[in-house]
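Nothing in this text is a laboratory measurement; each read-out follows from the coordinates by a stated rule. The shown structure was predicted, so the numbers you read here are calculated from the model rather than taken from an experiment. With ideal geometry, Cβ positions are generated from the backbone for all residues, glycine too; neighbour counts draw on all protein chains shown.
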Amino acid sequence: MNEPGSALVEQCRRFSRVEPPPALQALSHHLQRRYGEHLTAILYYGSCLRGGDPFDGLVDLYVVVSAYRPASSNTAQALANALLPPNVFYLEMELDGRTLRCKYAVVSEKQLQRHVAPGCFHPYFWARFAQPMALLYARDEPAAGFIHRQQAQAIRTFCRKVLPCLPAAFTVADVWRQGLRLTYGAELRAERTERADELFRHHEAYYRTVTPLALAHHPQLSPAGGVCYQADLSPRQRQWARMAWRLRTIQGKSLSVMRLLKAFFTFEGGLDYLVWKLERHTGVAIEITPRLRRWPLIFIWGLMWRLYRQGVIR
């Protein structure tokens with residue numbers, strides 16, 4: 001697949017220009033000091049980007065670095081990130097008498113580029129970077145350009161992977177609603193089934209702008225009137241796509257467990273964050289027993305299995 005077109009890159013640039021609140025600027029300055037010359041860019045997304053209060057819950061950031069080893073505290077940390085990206089860290093700051101909490105994931109330029117490319121099987125990175133993100137910091141203009149190209153490539157990869165799972169006639173809304181449901185299903189997530197609809201409605205202008213650019217010149221697509229497309233895909237292509245998504249689901253849930261295990265070593269308060277996240281998304285109260293807090297790596301599995309059987313996570 002060719003590099004994403006300049007029009008799509010430009011739209012990624014345009015939508016990423018969001019004026020951050022002062023609290024996020026404070027986080028940015030802290031991370032700039034932490035990573036120094038190895039820092040390429042910082043992006044924020046999620047509820048904070050959707051207009052939420054940064055002090056309500058946890059701010060989600062992506063920290064892109066030039067390479068893992070020089071940006072890591074030690075070799076083991078760098079190796080863990082290289083083998084199973086991203087490493088996730090917790091950051092807490094006091095601002096004007098209020099506590100600002102942040103979760104940030106670290107990924108290298110090389111791995112970001114690899115994991116949003118069309119050859120990347122699992123959607124962990126290309127599903128996230130295809131969605132709206134705001135550029136909080138970039139080292140310089142070439143670094144910003146690199147980020148926007150990866151965003152544009154992630155959008156193209158997302159659309160092409162989802163396309164065979166859509167009806168023969170589909171709309172932009174179908175692409176993202178179905179695609180988000182598929183990618184949620186490929187991980188251990190607690191999102192409600194209607195979550196994909198909510199996200200599309202909130203960022204509808206973004207999705208309606210970037211999707212036609214991502215699908216432009218696709219050899220098996222043609223306009224079907226209005227905002228619809230017609231896909232000329234063979235039954236075999238659709239069958240292979242369904243099989244691929246079943247494999248992504250198996251692979252993704254296994255990777256989610258491995259990332260959870262890794263987070264206990266890289267994420268201070270990882271158990272409390274996991275429980276808070278599940279309760280926030282599901283409304284189900286989860287008790288952290290003394291035994292679980294003392295030996296989380298041993299007893300977390302029983303909790304996860306119980307939540308899975310109850311349908312809290314899928």
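Brief remarks follow.
- Net lengthening on full extension, Ser47/Leu84 (0.36 nm per residue, minus Cα-Cα): 10.8 nm
- Pairwise FRET efficiency - Leu95 versus Arg34, Cβ, R0 = 22 Å, nearest 0.05: 0.85
- Treating r as the C-beta distance of Arg195 and Arg114 and R0 as 25 Å, the FRET efficiency rounds to 0.35.
- Taking 0.692 mPa s as the viscosity and 37 °C as the temperature, the Stokes-Einstein diffusion coefficient of segment 131-213 based on its alpha-carbon Kirkwood radius rounds to 234 µm²/s.
- With respect to the chain, whose longest principal axis is taken over its alpha-carbon atoms, helix 204-215 is tilted by about 60°.
- Computed lengthening from Gln310 to Arg69, 0.36 nm per intervening residue step minus Cα-Cα distance: 82.7 nm
- Each of Ser28, Ser222 was scored by other Cβ atoms within 10 Å of its Cβ. Arranged with the fewest first, they read Ser222, Ser28.
- Approximating the spin labels as points 7 Å out from Cα along Cα→Cβ, the Ala285-to-Gln237 distance works out to 5.2 nm.
- Cα pair distances exceeding 29 angstrom across segment 18-176, given as percent: 21
- Given in Å, the Rg to one decimal and the Dmax to the nearest whole number for the Cα atoms of the chain are 19.7, 60.
- Coil-residue GluC sites (Glu not before Pro) of segment 166-208, DSSP, other Cβ within 10 Å capped at 14: Glu194
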